[in-house]
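Colleague: Structure below; questions to follow.
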Amino acid sequence: MSLKDEFVQFVHDELQIPLVGVLPPEDFPEEDVKRITTVLELFARSTPLAEGAGSLMKPADYLTEARSVIVAGIPGYPGRIAGFEECREKLLGRTEPTHVNIELSQHYMEKGFQLGNFFTSRGFQCFSIVGTQYPIKLAASKCGIGFYGKNSVIQHPDFGSWISLMAYVTDADLEPDAPIEGDCGNCDLCMKACPTGAIYSPYRCDPARCVDFNLGHNKKNMPSEVREKCSNLLGEGCTVCRDACPKNRKLKPIEGFKPSTELLHPSLLNIFEMTDEEWDNGYANTLMGFFLMDKKYLQRNAAISLGNFREERSLKVLSKVLDRGDDAVRGYAAWAVGRIGGNTAADILKSSLTEEKNKDVRREIESALESVR
Ligand code: SF4
Ligand code: SF4
């Protein structure tokens, strides 16, 4: 049995990962490189996590002797969670279940470790390159894991588009796999469903307009037309384009892994009272917390959620946040107060404006006042 066959059997039988493919460490077409570089540049401008990481990296940048890139795909539909209206009564937020499921992340990490260990225990080098500047979705589309849907998400005919991708570079010489055939045909349901128009043409998504990018990664000013479409989400978790996709209709939820309800649907009002210790023991240990980086961005997203619920009972807390919250949050609290509207909201905004010194927050208060009028 060849090393490649032995490896694929190990991944399927031992790790229970149904999708694995290999591609050579070659350069990608110029058009793809240009497109993905634009996205990386946006991330590099928007979050300290990606600072200085605005260009594409090649396998040889990680491992000079790179011979193969391996991509593995773990299908995992988390199932439906309570939607916006179901969260209204208790003013709860919403998160992406797989991004706050600590046990599931550890389970995937363990599988990833064992996958790498398959090679290192045989004397090869093998490094994980997931979450780096290597274009993992593009790689997945080249080696049989799946194909791009019109929403720019990788999908597989049997497993739909809920697939977690992992990538590795190794000096083991493995036979490459061919891409799988498939496309979306005439369907454009995800394009019609996207609340922000981020899927601006088939197979092209503008992350700057995407709810997930803005809530999960954008630490700079978030456009108000996107805030309005963020519903009560607190980080990445907009599933609208995947929920619309007919390829996902028959998926069964992952069994055996349930995230804590506190992390999945926290009280929005309580988020502003969260201590550093609570953050450190909770969201900071999750993928969502890793992307958000700081409690203040969770609070920013909570302020946006409250603005979208438009419930006057949030005004007292938002008014306090506007006066005494972190500068990264206060402008969004002003926006939320303006979106809720009414006489009390107008009074809160007018009174805050008389004292406000921060010019960005002032601008948000002024614009919120305009919307109230
Ligand atoms: S995740 Fe949401 S905002 Fe982003 S492309 Fe899909 S539907 Fe649009
Ligand atoms: S909704 Fe339709 S167009 Fe969009 S990814 Fe699914 S099959 Fe493709």
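Every number here is computed from the coordinates shown, using simple stated rules; none is lab data. Model, not experiment: these values are computed from the prediction. All Cβ positions, even for glycine, are placed from backbone atoms using ideal geometry, and neighbour counts span all protein chains on display.
Colleague: Tell me, T95, T239 in order of fewest to most beta-carbon neighbours within 10 Å?
Modeller: By the 10 Å Cβ count, ascending: T239, T95.
Colleague: Quick query: amide H of S68 versus all other amide H atoms, modeled in the peptide plane; which residues come in under 5 Å with a sequence gap of 5 or more or a different chain?
Modeller: T170, A172
Colleague: To the nearest 10 degrees, how steeply does helix 327-340 sit against the main Cα axis of the chain, on a 0 to 90 scale?
Modeller: Its long axis makes an angle of about 70 degrees.
Colleague: Still on this model: Using only Cα atoms, find the angle between the long axis of helix 315-324 and the longest principal axis of the chain, and express it within 0 to 90 degrees, rounded to the nearest 10.
Modeller: It works out to around 80 degrees.
Colleague: With θ taken as phi - 60° and the coefficients 6.51, -1.76 and 1.60, list the Karplus ³J(HN,Hα) couplings across the range 103-116 in order, rounded to whole Hz; mark glycine and proline as x.
Modeller: After applying 6.51 cos²θ - 1.76 cosθ + 1.60, I find 5, 5, 4, 5, 4, 5, 4, 5, 4, x, 4, 5, 4, x Hz.
Colleague: For the range 185-196, what does the Karplus curve 6.51 cos²θ - 1.76 cosθ + 1.60, with θ = phi - 60°, yield as ³J(HN,Hα) per residue in whole Hz, taken in order and with x for Gly and Pro?
Modeller: x, 8, 5, 9, 4, 5, 5, 6, 7, 4, x, 10
Colleague: Right, something else. Report, in whole Å, the centroid distance computed from the Cα atoms of the range 1-74 and the range 295-360.
Modeller: A separation of 42 Å, based on Cα centres.
Colleague: Of K258/K296; K90/K219; K111/K247; K219/K258; K295/K320, which pairs sit farther than 19 Å apart, going by alpha carbon to alpha carbon?
Modeller: The pairs that break the limit, which is 19 Å between Cα atoms, are K258/K296; K90/K219; K111/K247; K219/K258.
Colleague: Counting helices only, and only those DSSP H runs with n ≥ 4, report the 222 nm mean residue ellipticity of the chain as the sum of -39,500 (n - 2.57) divided by its residues, in deg cm²/dmol to the nearest 500.
Modeller: -12000 deg cm²/dmol
Colleague: First select every other residue whose beta carbon is under 13 angstrom from the beta carbon of V71; then total the charges, Lys and Arg +1, Asp and Glu -1.
Modeller: +1
Colleague: Can you run phi through the Karplus equation (6.51, -1.76, 1.60; θ = phi - 60°) for the range 350-365 and list ³J(HN,Hα) in whole Hz, with x for Gly and Pro?
Modeller: 4, 5, 5, 4, 5, 9, 5, 10, 6, 5, 5, 5, 4, 4, 5, 5
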